[in-house]
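Report on one structure; see the data block that follows.
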Amino acid sequence: MKDVFYLETERLLLRRYTPEVMQQLFTQYNDQEIITYLGLASEEELSKEKLKFKGGYTTYRISFCGFHLIDKIEHHVIGLCGFHNWQAEHRRSEFGYHMMHESDKRKGFMKEAIASIIPYGFSEMDLHRIEAFANPQNTASVRLLEHFGFEKEGLLKQHFYKNGAFEDSAAYALFKPEDKIL
């Protein structure tokens, strides 16, 4: 794929994906190549990604910039991390992350990735505010956000619908250090 950009950490390659990368992927590659590139586990996951692509990833004011976490030893996608609901005009974005397999969790991969991706958001995307939402019961996610200086701003009741139930979200924010208003 042309114009692929990577950040690199000790154990990971962080491959950036943008609307332009996804356009190229879904218009020039076959299903098996897409599954491999995105690290998808099934045809069902491929169908969901195709629906997202068909529906349009961006609008006139909202976009995204994400990263695939690629294990340098195994050379496959083990997770995702990045910015969605990016509103460049307002210099803010929502931040999210996900490890694809239970076996890759609790090994510090996400912490390693975030340490490079957050500075990228502030410097390259010119973000002032990064927002994140975590289920308050997900202590690992809450600890991860707090480790990087995210501050809890409140609780959103029944904010996400997941696995047939509504879940609360703790709302967190991180500000660009030199832009922070006290």
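FYI, it's all coordinate maths here, none of it is from the lab. The structure presented is a predicted model; accordingly, all values stated were derived computationally and were not measured. Neighbour counts run over all protein chains shown; Cβ positions are idealised from the backbone, glycine included.
Neighbour counts of other Cβ atoms within 10 Å put LEU69, LEU12, LEU144, LEU51 in the fewest-to-most order LEU51, LEU144, LEU12, LEU69. For region 1-127, the relative contact order works out to 22 percent when only alpha carbon pairs closer than 8 Å and six or more residues apart are counted. Packing around the peptides 117-123, 98-104, 153-159, taken as the average count of other Cβ atoms within 10 Å per residue, puts them in this order, highest first: 117-123, 98-104, 153-159.
Expressed as an acute angle from 0 to 90° and rounded to the nearest 10, what is the orientation of the C-alpha long axis of helix 19-28 relative to the principal long axis of the chain? In the chain, helix 19-28 runs at an angle near 20 degrees to the longest axis.
Is the shape of region 1-127 best called rounded, prolate or oblate, per the rule: a/c under 1.5 gives rounded, else a/b larger than b/c gives prolate, else oblate, with a ≥ b ≥ c the square roots of the Cα gyration tensor eigenvalues? Oblate. Calculated on the alpha-carbon coordinates, the convex hull of region 107-180 measures out at 102 cubic angstrom per residue. The ranking of HIS147, HIS128, HIS75 by Cβ neighbour count inside 10 Å, starting from the fewest, reads HIS75, HIS147, HIS128.
Arranged from fewest to most other beta-carbon atoms within 10 Å of their beta carbon, ILE73, ILE62, ILE114 become ILE73, ILE62, ILE114.
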